[in-house]
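Below is one structure, written out as structure tokens; the observations come after it.
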Amino acid sequence: MRRFLGLGIVSVAAVFTGAVLAQAQYGTAEEAKAMLMKAVAAVKADKTKALEMFNKGEGGFLDRDLYPFCANASDGILLAVANPNAKQNLGKDVRGLKDATGKAYGQELFDAGQKPEGQIGEVSYEFARPGDPKAVPKVSYVTRVGDIYCGVGYYKK
């Protein structure tokens with residue numbers, strides 16, 4: 001009986017550990033919001049330094065598949081993004097960006113960035129994770145910070 005009980009405990013522990021490790025591979029909605037608040041604080045402290053850190057993925061601003069991105073609130077020009085799959089968009093107007101399904105998510109990001117500071121918008125679209133070219137469903141939280149807006153998203157799959 002003890003032997004079976006011991007095997008049962010080991011089996012439950014193995015299943016639980018596997019589920020926790022699978023979850024830990026990707027960022028959560030809560031972690032994305034927390035990183036957004038950290039990014040906002042960094043921009044308010046020193047915008048130039050913050051954008052540089054975001055582009056390099058330094059200072060904890062590239063955590064698994066979580067990373068900030070920022071653009072000008074006036075013209076939508078992308079100023080910073082840590083995701084290597086999005087580097088080609090730096091310096092471009094995000095309003096023209098469409099996802100793999102044809103959804104004009106760039107305009108939605110821009111619109112969310114027009115809200116007053118402190119308000120957080122949500123934009124759903126498909127995008128590639130860092131290190132994986134396949135687009136998957138994503139939700140980005142976006143907020144204005146002075147003359148720019150920043151976002152951090154989490155992937156739903």
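Quick look at the values:
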| item | result |
| --- | --- |
| Note, ³J(HN,Hα) from phi for region 79-93, Karplus 6.51, -1.76, 1.60, rounded to Hz, x at Gly and Pro | 9, 8, 6, 8, 5, x, 6, 10, 4, 5, 8, 4, x, 9, 6 |
| Region 27-155, relative contact order in percent, only Cα pairs under 8 angstrom and at least six apart counted | 26 |
| Amide H contacts of G153 (H built 1.01 Å from N, under 5 Å, at least 5 apart or other chain) | Y67, Y141 |
| Within-14-Å neighbourhood charge of G102 [Cβ basis; K, R +1; D, E -1] | -1 |
| Built amide H within the under 5 Å cut-off of A128, gap 5+ | V136 |
| Percent of Cα pairs exceeding the 17 Å cut-off, where the set is region 60-157 | 44 |
| Phi to ³J(HN,Hα) by Karplus 6.51 cos²θ - 1.76 cosθ + 1.60 over region 131-144, Hz, x for Gly, Pro | x, 9, x, 7, 6, 9, x, 9, 10, 10, 9, 10, 8, 7 |
| Choice from E58, E30, E122 with maximal GNM fluctuation in the chain (Cα, 10 Å cutoff) | E30 |
| Sequence ranges 60-72, 104-116, 79-91, ranked by mean other-Cβ count within 10 angstrom, highest first | 60-72, 104-116, 79-91 |
| Mean ellipticity per residue at 222 nm, deg cm²/dmol - from DSSP H runs of n ≥ 4 across the chain, formula -39500 (n - 2.57) | -12000 deg cm²/dmol |
| Around A34: net Lys/Arg minus Asp/Glu count, Cβ-Cβ under 15 Å | -1 |
| The chain: DSSP helices with Cα axial extent of at least 18 Å and average Kyte-Doolittle hydropathy no lower than 1.0 | 2-24 |
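Taken together, the values in this text are just the output of simple stated rules run on the coordinates, not laboratory data. Note that the structure is predicted; figures quoted are calculated from it, not measured. In this analysis, Cβ positions are derived from the backbone assuming ideal geometry, glycine residues included, and neighbour counts consider all displayed protein chains.
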